[in-house]
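Here the structure is laid out as structure tokens; the discussion comes afterwards.
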Amino acid sequence: MKKTVLLFFVIVLFAACGGKKEVKQVSPESATYTEAAALAETVRSAFVSNDRVTLQKNSTEQGYRDMTASKKMFDQIELAFTPRWFEIEQNQVLLNISWKSVWVNAGKKTEDRGMAVLVMEGRPLKVSKILRANPFIYPEQ
């Protein structure tokens with residue numbers, strides 16, 4: 001009796017799981033978020049390595065100015081982004097990020113953190129503005 005119940009259970013289990021696997025399509029919003037998060041990481045990495053060509057390629061003129069206009073010289077920087085919120089409004093993508101930075105200049109360490117909104121536009125996405133606390137600006141003391 002126990003063997004028949006066990007055999008019946010195994011047959012039902014295989015019948016339930018043995019169907020074709022359905023592949024779910026990625027939603028447009030999910031694909032846009034993935035692209036926005038990758039762009040934020042690309043821009044962060046380019047800024048840390050002082051790669052102005054990559055910054056220019058991945059931003060509009062205004063976005064490039066926001067990232068480099070008030071950039072002071074530094075010996076080293078550590079910059080970390082954590083995406084917090086994502087919105088799609090008309091032709092813009094707004095990616096809210098929290099960020100932490102450690103700037104080293106002439107042996108002096110300066111730490112800062114804040115929340116910023118990276119405004120992205122176009123296809124492929126490019127950074128067009130930075131709202132709130134700009135992570136690319138050397139902190140004032």
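Cβ-Cβ distances below 8 Å connect the following pairs, each with a first residue in the stretch 116-141 that is within 16 Å of Leu39 (Cα to Cα), a second residue that is part of a loop (DSSP other than H, G, I, E, B) and among the β-branched types (Val, Ile, Thr), and a separation of six or more residues or different chains: Glu121/Thr60; Gly122/Thr60; Lys126/Thr60; Val127/Thr60; Ser128/Thr60. Taking each residue of the stretch 33-53 that is free of Cβ contacts under 8 Å to residues at least 24 places away in the same chain and looking for partners that are of a type in the set (A, V, I, L, M, F, W, C) with beta-carbon atoms closer than 8 Å, six or more apart or interchain, yields Ala46/Leu55; Arg52/Ala46.
In summary, Thr4 fulfils each of the numbered conditions (1) modelled with pLDDT under 80; (2) within 16 Å of the chain's Cα centre (by Cα); (3) of a type in the set (S, T, N, Q) with the single exception of condition (2).
Put simply, of Val104, Val53, Val119 the only residue that is aliphatic (A, V, I, L, M) and in contact with a Leu (Cβ under 8 Å, 6 or more places away or on another chain) is Val119. Output the residue which, of all residues in the stretch 21-45 that are modelled with pLDDT of 85 or more and of a type in the set (Asp, Glu), is farthest from the chain's Cα centre (by Cα). Result: Glu29. All conditions in (1) over 18 Å from the mean Cα position of the chain (by Cα); (2) surrounded by 12 or more Cβ atoms within 10 Å (Cβ to Cβ); (3) of a type outside the set (A, V, I, L, M) hold for Glu111, with the sole exception of (2). Strands (runs of 3 or more DSSP E) fully within the stretch 37-141 that include at least 2 residues being over 30 Å from Ser27 (Cβ atoms): 76-89, 92-105, 108-121.
The values are calculated or read from the model by the stated rules, or taken from the named source; none is laboratory data. What you are looking at is a predicted structure, and each value in this text was computed from that prediction instead of being measured. Cβ sites come from the backbone with ideal geometry, for glycine too, and all protein chains shown count toward neighbours.
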